[in-house]
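Working notes, beginning with the structure itself.
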Amino acid sequence: MRPADMDGAGGESRRLFVAVPLPEVLLGFVQRAQALLPRGVGIRLLREDQLHVTLAFIGEVDEARASAAREVVEAVPGDMGGEGLISRFLLLPSAGKARVVTLEVTDTDSVFARLYARVMDGLESAGVMQREKRPFRPHLTVARLRVPGPVQPRSESGQARFAVESVCLYRSELRREGASYAVLSRTVLARPDDCEVKV
């Protein structure tokens, strides 16, 4: 599927990433978690359209590599869906010098890990990018800090099931009010034993 046009002027660069979008049913849960964060300490809450679990940050690429990335996403098998568990707040890169506030996703059935491996193998084989050396750790970023520092939520976030129902190639545009994301390609996913997934 191609929800947005990938064609453009020759040589145009695009800032891209691949991610699993937040299921709409979890928006209320995430907003309640965001409400637990302190205010007035330079924390910027992410908007609904910015919520996702990143599998691969590609960065700026030319049209040829953008097309290759789209093909990788569209080649993901449709039976790679499943679910993880949002388990707690996770401050990155560390609790004392946090740059982002995230919700950690416990990947008990390795659904995110398998999807990450599939996408990264494809992107590397196509010459789009190389994977980072640090291990993949699925998480959902819910806020960013203007100045790195400690953050103390009023309580824990609680837990919620995170359904992996699709994987998307996004284009990112940096703006004064924060990044704006557009879906360039989407592959709908189902559990291996399901016939249909509604998104």
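Residues with beta-carbon under 15 Å from that of Thr108, excluding Thr108: net charge, scoring Lys, Arg +1 and Asp, Glu -1?
Values: positive: Arg88, Arg114, Arg137, Arg161, Arg191; negative: Glu83, Glu104, Asp107, Asp109.
Net local charge, Thr108 excluded: +1.
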- Task: Note down the Stokes-Einstein diffusion coefficient of the chain in µm²/s, whole number, using a Kirkwood radius over alpha carbon pairs, 20 °C, and 1.002 mPa s.
- Result: 122 µm²/s
- Note on the structure: The summed charge of the Leu37 Cβ neighbourhood (under 13 Å; Lys/Arg +1, Asp/Glu -1) stands at +4
- Query: In deg cm²/dmol and to the nearest 500, what is the mean residue ellipticity at 222 nm of the chain if only DSSP H runs of at least 4 residues count, each as -39500 (n - 2.57), divided by the residue total?
  - Reply: -5500 deg cm²/dmol
- Query: What is the fewest-to-most order of Thr106, Thr141 by other Cβ atoms lying within 10 Å of their Cβ?
  - Reply: Thr106, Thr141
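Would you kindly state how much longer the chain becomes between Leu85 and Val147 on full extension, computed as 0.36 nm times their sequence separation minus their alpha carbon distance, in nm to one decimal?
Details: separation 62, 0.36 × 62 = 22.32 nm, distance 2.92 nm.
Net length gain for the segment: 19.4 nm.
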- Message: Pick from Gly96, Gly28, Gly40 the residue whose mean-square fluctuation is largest in a GNM of the chain, springs joining Cα atoms under 10 Å.
- Response: Gly40
- Note on the structure: Relative to the chain, whose Cα atoms define the longest principal axis, helix 111-125 and its Cα axis are tilted in degrees, nearest 10, by 50 degrees
- Message: Less than 10 Å Cβ to Cβ from Arg146, Lys/Arg counted +1 and Asp/Glu -1: what total charge do the surrounding residues give?
- Response: +3
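Can you sort Phe112, Phe17 by how many other beta carbons sit within 10 Å, fewest first? Don't skip to the end; give the middle numbers.
Numbers: Phe112 23, Phe17 18.
Taking fewest neighbouring Cβ atoms as first place, the list is Phe17, Phe112.
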- the chain: angle of helix 63-74 to the longest principal axis, Cα-based, in degrees nearest 10: 80 degrees
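Read the figures in this text as sums done on the coordinates, not as results from a lab. Predicted model only: the values in this text are computed from it and were never measured. Here the Cβ is made from the backbone with ideal geometry for all residues, glycine too, and neighbour counts use every protein chain on show.
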